[in-house]
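What follows is calculated from the coordinates using simple rules that are stated; it is not laboratory data. Source: prediction; values computed, not measured. Cβ sites come from the backbone with ideal geometry, for glycine too, and all protein chains shown count toward neighbours.
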Amino acid sequence: MAQNSFLSLVRENVPLAPFTRLQIGGPAKYFAEPSDDTQLQEVVSLAYADGIPIRILGGGSNLLIRESGFDGLVVQLNSPAFERISFEDHLVRCGGGTRLSHLVTACVGHGLAGVEHLVGIPGTVGGALHGNSGTDEGDIGQVVRSARLMKRDGQVVQVQSQDLTFSHRRSSLDELVILEASLALKKDDAARLTKREQTFWIVKRSKQPNAPIRSAIAFVDPDGGTASALLHQCGALGMYEGGVQLSMAYPNYLVANEGATSDQVLALLERARDLVYDRQGVKLQTHLVVW
């Protein structure tokens, strides 16, 4: 393996905090922004051969970075090659790096129904598929027909819907990279879909803090209820740990103030989760991914 080849594709000691909503954390030892599938495959294969751990950076909306950073390779798929959206009748193909909001708007504009209720959910299509993002109207996994994935050794595989499993905020899409997904939607009137999208957007925005607050969702809503309601019932509004607190108005949102640290975030999550379990018997699942 040519170390020079690897280093030509990456930067070293790149701060990761600016890529996350919470703006917390240290640097990545290696950081790459490949321009296409070929370059991505090259850098992943080289890192795998050298035993370098790899993480894929999406929108950063549910990511917490420790102050020590990540001692490996972080790859960001922000090239147009990973954000393509194409339409063929009722089928939509989109890159894993596509912003979910862009996908929703494009589908609505083409008169295709099935994802308009996902408006307002942050992050990328890859992240949405991995965590099976959804609302009361349904999950994104319900419209997936196939996915093209890259394994941790750089091998690319195609997986059909019958070989995939989607459940409440989970999926079997656990390979390194979701390169592309194919979604089967339904023909509908674009004007009517636009109104539906706008309604969903208004409702979504009414339940979350206004930007640019450094905030992130604390817990996954349990099946059949909401984490926000449980936290409210347990009196967790405004609970804090150092520079981090649960919002008074939106209790399932973490708000990071000046000087907030990853340890404080984790300590607050643990306290809030224990409180809900002790008083309500529900064990909440943390929404944040920790590096």
How big is the antiparallel share of DSSP beta bridges in the range 3-78, given as a percent to the nearest 5? 40
Could you list 201, 291 so that the one with the fewest beta carbons within 10 Å of its beta carbon is first and the one with the most is last? 201, 291
Amide H partners (placed H, <5 Å) of residue 14, local residues excluded: 28
For residue 66, distant residues with modelled amide H under 5 Å away: 26, 291
Would you please give the residues with an amide H less than 5 Å from that of residue 239, counting only those at least 5 places away or on a separate chain, with H modeled from the backbone geometry? 246
Grab the other residues whose beta carbon is less than 11 angstrom from that of residue 180, score K and R as +1, D and E as -1, and report the net. +1
DSSP loop trypsin sites (Lys or Arg not before Pro) with at most 15 other Cβ within 10 Å: longest gap in the chain: 1-83
Where a ≥ b ≥ c are the square roots of the eigenvalues of the C-alpha gyration tensor, would you call the range 3-78 rounded, which needs a/c under 1.5, or, failing that, prolate if a/b is larger than b/c, or oblate? prolate
Could you give me the ³J(HN,Hα) list for the range 195-203, computed from phi with Karplus coefficients 6.51, -1.76, 1.60 and θ = phi - 60°, whole Hz, x at Gly and Pro? 5, 5, 4, 5, 5, 4, 4, 4, 5
In debye to the nearest 20, how big a dipole does the range 1-91 give about its Cα centre with +1 on each Lys and Arg Cβ and -1 on each Asp and Glu Cβ? 420
What are the extents of the Cα atoms of the range 123-242 along their three principal axes, listed from largest to smallest and rounded to whole Å? 47, 42, 30
Explain nothing, just compute: Karplus ³J(HN,Hα) = 6.51 cos²θ - 1.76 cosθ + 1.60, θ = phi - 60°, for every residue of the range 102-116 in order, whole Hz, x for Gly and Pro. 5, 4, 4, 4, 5, 5, 4, x, 8, x, 10, 9, x, 10, 4
Is there a quick way to get the dipole size of the chain? I mean about its Cα centre, with the Cβ of Lys and Arg at +1 and of Asp and Glu at -1; what is the value in debye to the nearest 20? 580
Contour excess over end-to-end distance, with Cα ends at residue 145 and residue 237 and 0.36 nm allotted per residue: 29.0 nm
Check: in the chain the Lys pairs 8 or more apart or on separate chains whose Cα atoms fall under 26 Å apart number 9
Exposure proxy check: 239, 248, 150 ranked by fewest other beta carbons within 10 Å? 248, 239, 150
On full extension of the chain, what length is gained from residue 161 through residue 270, given 0.36 nm per residue of separation minus the C-alpha to C-alpha distance? 35.7 nm
Let's see if you can work this out: charge +1 on each Lys and Arg Cβ, -1 on each Asp and Glu Cβ, no other charges. What is the dipole magnitude of the range 1-153 about its Cα centre, in debye to the nearest 20? 200
